[in-house]
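Reading through the structure tokens given below for one structure.
The values are calculated or read from the model by the stated rules, or taken from the named source; none is laboratory data. Because the structure is a prediction, the values reported are computed rather than measured. When we count neighbours, we look across all protein chains shown, and the Cβ atoms used for this are built from the backbone with ideal geometry, even at glycine. Just the protein is used for accessible areas: all its heavy atoms, side chains included, with ligands, DNA and RNA removed. Shrake-Rupley method; radii C 1.70, N 1.55, O 1.52, S 1.80 Å.
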Amino acid sequence: MADASLILQVVEQRGLVSRDQLQEVRSTLAIGSDEAVVEALSSKGYLDQATILDAVAREFAIESMRLSAENWPEDPKALLSEEQARRFRAFPIAGQRDWLKVAVADPLVDLDTLSHLLGKQIEPVLTTEDELRKALDTAYLESSDGGGAAARLSREEGQLADEVSLADSRVEIDTTLSGEDDAPIIRLVQVIIADAIRLRASDIHLEPLETRFRVRYRVDGTLQEIPNPPPRHLQLPIISRVKVMGKMSIAEKRLPQDGRIQVKVHGVEYDLRVSSLPTGYGESIVMRILDKSSLMLGLPELGFLPDDQEQYERLITMPDGMLLVTGPTGSGKTTTLYSCLHFINKPDRKIITVEDPIEYQMPGINQVPVKKSIGMSFAAALKAILRQAPNIIMVGEIRDHETAEIAINASLTGHMVFSTLHTNDAPSAVTRLVDIGVKPYLVATSLKAALAQRLVRRNCRACREQYEPTMRQLHAIGLDPTTARGATFMRGTGCPECHELGFKGRFGVFELFKTNEDIERLIYTNGTTSQLRSLARQVGMRTMREDGVRKAMAGLTTIEEVLSTTVAEPMAY
């Protein structure tokens, strides 16, 4: 009838079963097919098959019907060949020269392609999977050999896979919400996801354009368009399949939606955060890939050099105070915070986080999701968290005065508080807190440090080689030839390991702003960002540009990467 998860979504949205009944079906049934779901709902007395069929049909604004020998055509081959009927899982009912009515069990089946092949307008009606299978096997029996038809079906589906060859077909991917794993559209979506993971992409972009359907992967911060994207007529079924997997409403196409998908590739679990956005040519989908293994990154893997790592470890293990991580969206702030929590997560410490949304599930840590629709904001969650007697609190982001004030008060009453801010450099975190209404004396007494960061691409270890930068490059990055003489500048030449890019992976360049008595006095007297920066530089703070230069001189990245990511002088605010 339809994908198993789609059936459950439809009956839930239409209020045909209660949430407890739906949970009972999910918990007692390993969902693998629509028949299993329908049978479970029927056997428990919740819904009969006719009601389920009618509900799914109404969701897609098409008719439903019970397919039996009485409404089979005399010669189905005259309307639709057996190969096409089996390939598209569609049984012909009636037709004329420019019109064909077919019965389908899956409302997401790709009828646009069938319409294009036949040059006819297709009118679908919904039936059950069992009745469709019986019609295909029986009505075509006299004119076709069953085994031969199955072989032809396999060839047809193989042709579809060849048309959209996005990845090695041997990649195994299991989704917790996948249903009919042999359906071409389902396999195609799985291949897109598996291919992105194989390329180490951080997100997948499915973008409807005026004349084509574009698929892009963001690898190491750079968007790359795949060479053989799916044809445009597959746009709607692909997007619908992704929305079903993410438990999003497929009927709602006018408003943005968010969802989540869990997949397992080669035994590794990944979470995909899905976002849909209506555009002029259809819904744009972005799937952000969250690799749970990144939780286990140590501070050296984040990009800390030994001296900075030692300072940062001392800061994050302090018993109280506030530590902020700043930077724009996509600069790795969340990964840094999770790595800090992983480092300090010990049995004798209670850690509670409040996040919007929870990006990674961490063992041994209490994680609280923000739900604004029911009044569960960052501020409301923080108030409740303080009554839970935690040692360490992580606030996903400080966005307003109330959240900032509660977090600072928590840091002043014996808690260590971690959070993020959107600022361009570390000293600006002070002025940002004051700008949103926090009193300067509270900032001065609570803030222990602010870490600003950016991400640069790492030279591929397999193909990197030493080179001598030009005088222009040295001048651009602020180095004189004498200083650069003992450095080891490296760059990747491109190899299969890095897909000919010369880079593989990313790491951080940092700016660590620590407070002391002089800086606290300056904050208390409303010192400007430039004054704070100047004082911090006097006591040893390195800028992100200077940290990047050190890492370029060590051969970890290139001069061009540092120049493109950092600025020589801080911006004035």
### Message
Given a Förster distance of 51 Å, report the FRET efficiency between Gln361 and Ala78 from their Cβ-Cβ distance, rounded to the nearest 0.05.
### Response
0.35
### Message
How large is the Kirkwood hydrodynamic radius of segment 424-496, counting all unique pairs of alpha carbons, in Å?
### Response
16.3
## Note on the structure
Rg/Rh over Cα atoms for segment 276-350, Kirkwood Rh, comes to 1.13
### Area of Thr211 that stays accessible when all protein chains are in place (1.4 Å probe, Å², to 10)
110
## Note on the structure
Expressed in square angstrom to the nearest 10, the accessible area of Ile62 with a 1.4 Å probe stands at 40
## Note on the structure
Stokes-Einstein, Kirkwood over Cα pairs, segment 314-417, 37 °C, 0.692 mPa s; D in µm²/s equals 237
### Query
Can you pull the Kirkwood radius for the chain, inverse mean 1/r over Cα pairs, to one decimal in Å?
27.3
#### Entry: Cysteines without a disulfide-compatible neighbour (Cβ-Cβ under 4.7 Å), the chain
Cys340
### Message
As a test of reading the structure, rank Val244, Val434 by solvent-accessible area (1.4 Å probe, protein chains only), most first.
### Response
Val434, Val244
### Query
Roughly how many Å² is the accessible area per residue of the chain, as a whole number, for a 1.4 Å probe?
46
## Note on the structure
So the carbon and sulfur contribution to the accessible area of segment 513-554, 1.4 Å probe, in percent, is 47
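Mean residue ellipticity at 222 nm from the helices of the chain, using -39,500 (n - 2.57) per DSSP H segment of n ≥ 4 over the full residue count, to the nearest 500 deg cm²/dmol?
-11000 deg cm²/dmol
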### Query
Using Cα pairs under 8 angstrom and six or more residues apart, how large is the relative contact order of the chain, in percent?
9
### Query
Hey, which of these cross-link pairs are over 18 Å Cα-Cα: Lys333/Lys371; Lys383/Lys514; Lys350/Lys383; Lys514/Lys551; Lys253/Lys372?
Lys333/Lys371; Lys383/Lys514; Lys514/Lys551; Lys253/Lys372
### Query
Could you give the alpha-carbon Rg of segment 369-427 over 2.2 N^0.38 Å, rounded to two decimals?
1.13
## Note on the structure
For Ile289 the rounded accessible area (nearest 10 Å², probe 1.4 Å, non-protein molecules ignored) is 20
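First measure r as the distance between the Cβ atoms of Ser68 and Met376, then evaluate 1/(1 + (r/R0)^6) with R0 = 35 Å and state the FRET efficiency to the nearest 0.05.
Numbers: r = 52 Å, r/R0 = 1.47.
Approximately 0.10, to the nearest 0.05.
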### Query
For segment 492-573, what Kirkwood radius comes out of the mean inverse Cα-Cα distance, in Å?
14.9
### Task
Could you order Ser202, Ser419 by accessible surface area, starting with the largest, using a probe radius of 1.4 Å?
Ser202, Ser419
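Just need the Rg to Rh number for segment 239-290, please, alpha carbons only, Kirkwood Rh.
1.02
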### Message
Using 0.36 nm times the number of residues separating Asp258 and Thr317, minus their current alpha carbon distance, what extension gain do you get?
### Response
17.7 nm
### Summary
When every protein chain stays in place and a 1.4 Å probe is rolled, Phe60, Phe91 sorted by accessible area with the largest first are Phe60, Phe91
